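Novice: A single structure is presented below for examination.
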Amino acid sequence: MEEVQQKLLDIPDEEIFENENSNIESNGSTHCSYFAKHKLWYQVAIFTLFTLTGEVVTSLLVKTYFTKGGKSIWLASLVQNAGFPILLPLLYYVSLKNNSQIEVIKGNQEPHICVIFLVYVVLGVLLGGVSVFNSVGLKYLQVSTYSLTGTTRLGFTVIFSFFLNAHKFTPTIVNSVVLVIATSVILVLHNDESGETSSEKFLLGFFSTIGGSTMYSLVLSLIEFSYRKIIKGRKLIDIIEMSIYQTLVASIVILLGFLISGDWKNLILEMEKYQLGKLSYVLILSFIAISCQLNVVASTGLVFKVNPLISNVFNNLGAPITPIFTVIFLHDKIKGLKLVAMFLAFWGFSSQIYQQYLNHVEANEESIEQNSRDISEPSCS
């Protein structure tokens, strides 16, 4: 069973438990067992929708903030994490629900509070760095270029998952990594053709996006590592707590940079001179906070329910999708080599999704075989 649980697309304990119970249930409970069997995929579908929505909306709004008169990288980074209070009512509700239920603990000892605190601090500091890097990338790159450059997260996640979580390389995974690397190379060449910005600013934005992709991939891999080895939880409350505490730490870190840089002194003037008006200025920053928090919760949920690689796959599906919205709302120009980059990015993601499907089918088959062997073995009672 250990090999089954180490597949790239893991079958969570709760689903294995439900599948085992469904083998014991009578034929009259077919509909209930069907729902239980596919419960994971319903959750994955919801988290994927939230992830894509948060990714696309955040990219468009942060770029709009900069193009319409916003200048503070620290402020743009801060609002990407400061939306965590909107999750507090949900955390309270889920906590009450959990306390009213009798939970079965599988002999796992609760980790020390200091260990959990350290986990949240490390993840929060890294997440704060991701936000700063991404803000720099969005300030100096077109949104379509930024999104396609961000596909490098897929390759970095494969590497970190290999070392931290013992995930394996397959031909399909190697193919997708090569494709996303080719996408980045094409974008660098594309800048020489299009002249979308000066070389210095383009390179600053490009390598900042690469840096943000690297750190974000590390965050996702560390989240999986922490829940496997430390937190050992996969319930909704674990997802919400992880999302709240890591963004809280990230907000504190970025707020310090915001205060030290002195950007806060120019906020009133920036708001007054904002091209879309004061109300739009406040609304854009508010919706950035909401959409970002939605993305963080959904991405963390995908890591908890599946793994960091599939989380990044669905997160990066926004790369081929976002440029379509940038053409509609921000009037970005997409032509030539950038179209080729979009095609390669989509091909890479398709390869990853296909690999995840193969892994899930294989894991299900092995789980069924294992259950059959367990049932066929005589009891020693």
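Novice: On average, how much accessible surface per residue is there in segment 210-267, in Å², for a 1.4 Å probe, leaving out ligands, DNA and RNA? Present the calculation step by step, with values, prior to reporting the outcome.
Specialist: Values: 2360 Å² over 58 residues.
Ligands and nucleic acids excluded, the figure is 41 Å² per residue.
Novice: Here's another thing I want to ask about it. Grab the Cα-Cα distance for VAL178 and VAL340, subtract it from 0.36 nm times how many residues apart they are, and report the gain in nm with one decimal.
Specialist: My answer for the length gained is 56.9 nm.
Novice: Among rounded, prolate and oblate, which fits segment 48-88 when a ≥ b ≥ c are the square roots of the eigenvalues of its C-alpha gyration tensor, a/c under 1.5 means rounded, and a/b larger than b/c means prolate?
Specialist: oblate
The values are calculated or read from the model by the stated rules, or taken from the named source; none is laboratory data. Remember, it's a predicted structure, so these values are computed and weren't measured experimentally. These accessible areas exclude ligands, DNA and RNA; they are computed on the full protein's heavy atoms, side chains included. Shrake-Rupley method; radii C 1.70, N 1.55, O 1.52, S 1.80 Å.
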